[in-house]
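K.L.:
Please see the structure below; I have some questions.
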């Protein structure tokens, strides 16, 4: 029994030290002889990938993806979309199902204009289209400035001949969906065949 009490005391001490409210300050000086890339720590593993809700959604079950969207909301999903890899893929799939998804439309449109290599622009545009294509509600948009920004950026993407046709089609479809909901002026829809 005495060993069990000692183990419990060690566990409690470790837990208490992990809950410190201030960060531990160190004054480590990097070695000038070692290149920074060799001396740098490996990137931390995603905390989202370790979260059971995200793990279930990574299994591609539509119900688990919807549960994730409801549980974490658009802000967390947008952050997950910036991680890249499978976490970003699932985050972008879940975003249209988040109740507050229209809050991140502006940020998504900004990301679509100059996307990181991962996730690809097509995945970001598909998420934008999913949000824009949701049924209208009897409430004002939560981020009208973000929707206006999308109204400026999406038509430019839709007419950018340097982009693949599939990406241009997603952009024009998102513009049309926002027009149908009355959130954008119909004049924002590029004419067919515009180059």
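No value in this document is a laboratory result; all are computed from the given coordinates. This is a predicted model, so every value here is computed, not measured. Cβ sites come from the backbone with ideal geometry, for glycine too, and all protein chains shown count toward neighbours.
K.L.:
Report the label-to-label distance for residue 113 and residue 185 in nanometres (one decimal), using points 7 Å from each Cα along the Cα→Cβ vector.
P.N.:
Calculated label separation equals 1.8 nm.
K.L.:
Across the Cα atoms of region 102-195, what radius of gyration and what greatest pairwise Cα-Cα distance (Dmax) are found, in Å?
P.N.:
12.2, 38
K.L.:
Fewest to most neighbouring Cβ within 10 Å: what's the order for 150, 109?
P.N.:
Going from least to most buried by this count: 109, 150.
K.L.:
Could you list 76, 86 in order of exposure, starting from the residue whose Cβ has the fewest other Cβ atoms within 10 Å?
P.N.:
So the ranking, lowest neighbour count to highest, is 86, 76.
K.L.:
Treat each spin label as a single point 7 Å out from the Cα along the C-beta direction, and report the residue 134 to residue 159 distance in nm.
P.N.:
Result for the modelled spin labels: 3.0 nm.
K.L.:
Kirkwood hydrodynamic radius (Cα pairs, Å) of region 48-99? Show your work: numbers first, answer last.
P.N.:
Working: mean 1/r = 0.0989 Å⁻¹.
After inverting the mean inverse Cα-Cα distance, the result is 10.1 Å.
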